[in-house]
Structure formats: C-alpha cells, structure tokens
C-alpha cells in the first residue's frame with residue numbers, strides 16, 4: 001500500500017513538474033514568435049466569441065438568483081438596501097471570475113484538449129517537430145496569451161450582466177428601489193475588488209488553458225489508452241483538473257489578497 | 001564482399017555520404033525495436049528501406065528525423081554528427097530535411113495552400129507574398145494548384161499524398177524521409193507514387209529515404225536498398241545485388257511470393273479432414 005501511495009505521489013510530482021515546464025516553455029516560446037497573429041485571432045474566437053453567449057447567460061441567471069436569495073435573506077434583518085452591495089461584491093470578488101472560467105473551460109477548454117489530442121494522434125504535432133516548428137509555440141502559446149486577456153473580459157461581462165440580473169430580481173420583480181440598488185453597488189465596489197477579480201481571471205485563464213493544452217498534448221501518454229479513447233480520457237481529465245484548479249487557486253488567491 | 005559486410009556504416013568521419021546512421025538502438029518497454037542499425041545514404045540517391053511490418057522501419061526514420069530519441073548510436077548528416085536532443089545542430093538539420101508521414105499528417109483545419117505555406121511561415125522570415133509564391137510553385141509542380149483552396153478532407157487519397165509531398169518539398173530540403181508512402185494503395189497508385197518520387201527527385205534534386213514493404217516497386221525505383229529484419233539491417237546494396245543475394249532473410253523477403261505460391265498449391269492439394277465441415281456447421285448453428 002505504501003508502495004502504491006509512493007508511486008502515485010511520485011507520478012503526481014513528476015506530472016506537476018512536466019506541466020510547469022510545459023507552461024513555462026510555451027510562454028517563453030511566444031517571445032519573438034513569427035506570425036502569431038492569425039493563431040491569436042483564432043484563439044480569440046475560440047475562447048472569446050464562442051464562449052461569450054454562455055458566459056452572459058450564466059451571468060444573468062447568477063445575478064437573478066443572487067438578487068432573489070439576497071433580497072429575502074436581507075429582508076429578515078431589514079437590510080434590503082444592501083442588496084446591491086451583496087450582489088456586486090459576490091460577483092466581482094468570487095462568482096464572476098470563477099463561474100466565467102468554468103464556463104470557458106467547459107466550452108473552449110474541452111475543445112482545445114480534444115483538438116490537440118487529435119493532432120497528437122494524427123501525427124500533426126510530430127509533423128510540426130519535423131518541420132522545425134516548436135509545437136508549443138504554434139499550438140499553445142497563442143492560447144495562453146489570449147487567455148490572459150479574454151478571461152478578465154469574460155469576468156467583466158459576467159459581472160455587468162449579473163448586476164443587471166440582480167437589479168431585475170431585486171428591483172423590477174421585487175420592491176427594492178432601483179436607485180438604492182445601484183447606489184449601493186457603486187459604493188461597495190472599489191478598485192481593490194476589481195483588481196482581485198482581474199487577478200483571479202488572469203490566473204484562472206493561464207492555469208486552465210495550460211491544463212487543457214497539456215492534457216491534449218500528452219494524450220498519447222495515457223497509460224493503456226490509445227486512439228479515440230485516449231483523446232476522450234484526456235479531454236475529460238482536462239475539464240476535471242481545470243475545474244478543480246479554478247477552485248483551488250481561487251482559495252489561494254483569496255487567502256493571499258484578503 | 002559479402003552481403004552482411006555491406007550493412008556496416010563506415011567508421012570514422014561521415015563525409016562520404018549525406019546521411020549515415022551508425023549503431024542505432026531503440027527499445028520500447030524493454031523490447032528492442034532497433035538493435036544496432038546502420039544505414040548509409042549517398043548524396044542524391046534514392047534509398048529504399050525494406051522490411052516486414054513491425055520491424056522498426058518507421059522507428060528508424062523517426063530516430064533520424066528526431067521525432068524519437070535513439071537509446072544509442074549516432075547519426076551523421078553532411079559530415080556532422082547530430083546531437084540526440086534539441087540544439088542548433090538539430091534545428092539546422094530540420095531545416096534541411098523533410099519527413100513525409102504515412103498518414104500524411106496534414107492539418108485538416110488549413111486549406112491545401114495554407115498547409116504548404118505553414119513550414120515557411122513558421123521557420124523563415126520571408127514575406128507573405130514570397131511564401132505564397134513559393135507554395136503555389138510547388139503546388140503547380142505537383143498539379144495541385146487548382147485545388148489550393150480545398151481542405152485535405154476534400155481531396156482524394158492520392159492528392160493528399162501529393163499535398164503532403166508538396167509541404168515536404170516547399171522548404172527545398174536536401175533530404176526527404178518517406179514513411180510508407182504507398183501504404184494502403186492499389187498497385188497502380190503505388191507505381192504512381194514511386195514514379196512521382198523519382199520524377200521530383202530529379203526535378204528538385206533531393207536525396208530520398210523511402211521506407212516501404214513494396215518489394216517490386218522499390219527494386220525498380222531505388223538506387224540502393226536496405227533490408228531491416230528483427231531490428232537489424234540484414235542487407236544494404238544495389239537492387240541487382242539484392243536480387244542476386246543468397247542471404248537467408250533477403251531470400252525470405254524476396255521469394256515471399258514464390259513461397260506463397262507454393263503454400264497455396266500445397267493448401268489446395270491438401271484433403272480436408274473427414275468431418276471438418278460437419279463440425280464447423282455444428283459450431284456455427
């Protein structure tokens with residue numbers, strides 16, 4: 001049993017080291033990389049444009065639920081006027097970066113892991129290497145660079161739509177004065193909250209996209225699995241690990257910034 | 001000189017040939033796939049590496065190309081020994097060498113033209129107009145220019161093979177490694193592929209190493225043939241020497257059709273065991 005635990009621990013440490021090297025090299029390779037423009041535009045479409053609808057929908061419903069739940073909880077203490085504070089701080093500091101990241105992982109991260117896994121299976125990555133093209137630079141760097149910009153934008157849109165959702169449930173459906181709601185929003189959210197939101201979003205973007213790319217890139221290394229099953233396993237693993245990583249890093253960043 | 005003696009790569013310097021592999025070893029999970037393989041590729045020649053399926057022919061090419069790292073042995077290219085891992089020497093080699101994969105390894109999300117432009121875009125500082133011009137020149141030579149906007153999935157198998165060759169040739173390599181370029185093709189298309197390789201070899205002047213198990217085509221097209229068997233190079237020489245060789249593995253590979261003919265004749269002459277058909281009918285009911 002000890003041997004098994006030791007074996008698995010060593011495996012996990014080795015994979016963490018491999019992942020760190022992979023991410024560092026991918027970032028390093030982006031420096032002075034030729035003609036990244038088209039790959040970056042494609043990544044913006046992949047992570048940004050295609051994911052925005054789902055981010056907006058989830059943001060709106062999150063705001064609606066927060067407004068509804070928050071209103072009735074605060075009403076017990078006669079503090080309905082703080083609904084804007086509750087919704088805005090919850091969204092800005094926690095829910096927007098976390099839920100937006102999870103949505104992008106589900107939509108774009110899974111697709112990226114599967115695409116790179118298939119490219120590995122069909123020897124396209126080997127082909128890049130034989131051409132003298134660094135596959136990390138070609139396939140991974142643009143996605144990491146784009147993630148640093150797109151995730152904060154998603155978090156910002158999520159927050160804005162969530163605030164409107166909170167307003168709709170708190171003021172339009174229930175009886176809170178709209179002016180009270182928006183003034184408490186403006187009073188509550190400060191630069192530190194926005195900074196925390198963006199720091200989290202950038203970290204989540206890098207970590208999740210790196211995990212998805214790494215899993216696709218190493219689809220051929222899944223023990224006992226080959227072909228389509230290896231791609232499927234890598235994709236599932238990428239989404240699960242990314243989701244865990246979002247929540248774990250969220251805790252670490254919150255601990256550091258609070 | 002015996003056939004076995006021909007398999008050894010020359011010791012010492014590597015200036016005599018464009019490519020020399022010496023003592024290559026590669027094992028997977030403890031099983032040796034290459035067990036001290038030597039290969040000499042003269043400049044400007046077409047060398048066919050023959051062998052049964054699973055004898056390590058593709059592994060040999062991948063070790064040469066740097067996709068796999070050999071466990072032991074050395075590779076000399078144009079008089080210089082290549083390092084096993086990444087480095088400037090290996091990068092320089094990759095710029096002068098192309099690899100045509102058995103599966104073609106085309107990028108299915110890029111058009112035919114974009115596939116051919118890719119290596120130039122990513123490894124050179126050429127202007128986009130010049131890259132497009134060079135890519136279209138190669139596509140024209142390979143009679144694919146009118147299909148340049150199509151995606152690989154919209155092309156036939158033969159056209160995909162030509163497109164992969166176009167991508168391999170656009171960087172004007174000195175050495176092209178062909179991994180089973182005729183796998184899964186009918187005899188007419190196999191001939192067409194070998195004809196294409198020899199034709200463009202003359203037109204574009206590259207040295208070619210072709211891994212194949214198509215014996216007849218290889219003996220017609222190659223300047224030299226090598227036979228890989230059970231992880232070792234059993235023969236290296238001209239097609240005429242291969243035909244004349246009395247070496248066991250060479251004879252076994254060369255005379256496989258004759259052996260098959262004899263086996264088929266023996267099978268047909270064989271009387272079925274009494275009751276065998278009835279047993280089969282009972283089992284399948």
Query raised in the report: Is one or more of the residues making up region B:106-114 in contact with a strand residue (DSSP E or B) (Cβ under 8 Å, 6 or more places away or on another chain) and either closer than 28 Å to residue B:220 by Cβ or crowded, with 16+ Cβ neighbours inside 10 Å (or both)?
Result: no
Query raised in the report: Does residue A:127 count as more than 12 Å from chain B (Cβ to nearest Cβ) and either in contact with a helix residue (DSSP H, G or I) (Cβ under 8 Å, 6 or more places away or on another chain) or modelled with pLDDT under 95 (or both)?
Result: no
Query - Criterion (under 25 Å from residue B:185 (Cα atoms), more than 7 Å from chain A (Cβ to nearest Cβ) and assigned to a helix (DSSP H, G or I)) met by exactly one of B:113, B:120 - result: B:113
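Which one is surrounded by the most Cβ atoms within 10 Å (Cβ to Cβ), of the residues in region A:31-51 that are in a loop (DSSP other than H, G, I, E, B) and more than 13 Å from chain B (Cβ to nearest Cβ)? I'd like the intermediate steps shown before the answer.
First, the residues of region A:31-51 that are in a loop (DSSP other than H, G, I, E, B): A:31-36, A:50-51.
Retained after the next criterion (residues that are more than 13 Å from chain B (Cβ to nearest Cβ)): A:31, A:50-51.
Numbers: A:31: 8, A:50: 14, A:51: 23.
Out of the qualifying residues, it is A:51.
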Query raised in the report: Quick one: what pairs do we get from region B:191-203, first residue under 11 Å from residue B:217 (Cα atoms), second modelled with pLDDT of 85 or more and assigned to a helix (DSSP H, G or I), C-beta under 6 Å, 6+ apart or different chains?
Result: B:194/B:221
Report task. Would you be able to say whether some residue in region B:81-95 is facing another protein chain (nearest Cβ under 10 Å), modelled with pLDDT under 90 and touching a strand residue (DSSP E or B) at 6+ places or on another chain (Cβ under 8 Å)? Result -> yes
Query raised in the report: Out of all the residues in region B:64-82, is one or more closer than 29 Å to residue B:152 by Cα and in a helix (DSSP H, G or I)?
Result: yes
Report task. Look at residue B:97 and say whether it is more than 27 Å from residue A:118 (Cα to Cα), under 22 Å from the mean Cα position of the chain (by Cα) and in contact (Cβ under 8 Å) with a residue 60 or more places away in the chain. Result -> no
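Could you please find all residues in region B:123-141 being under 25 Å from residue B:202 (Cα atoms) and either within 12 Å of chain A (Cβ to nearest Cβ) or crowded, with 20+ Cβ neighbours inside 10 Å (or both)?
Residues of region B:123-141 under 25 Å from residue B:202 (Cα atoms): B:130-141.
The answer is B:131, B:135, B:138, B:139.
The values are calculated or read from the model by the stated rules, or taken from the named source; none is laboratory data. Everything numeric here is computed off the predicted structure, so don't read it as measured data. Quick reminder, even Gly has a Cβ in these numbers, built from the backbone with ideal geometry, and neighbours come from all protein chains shown.
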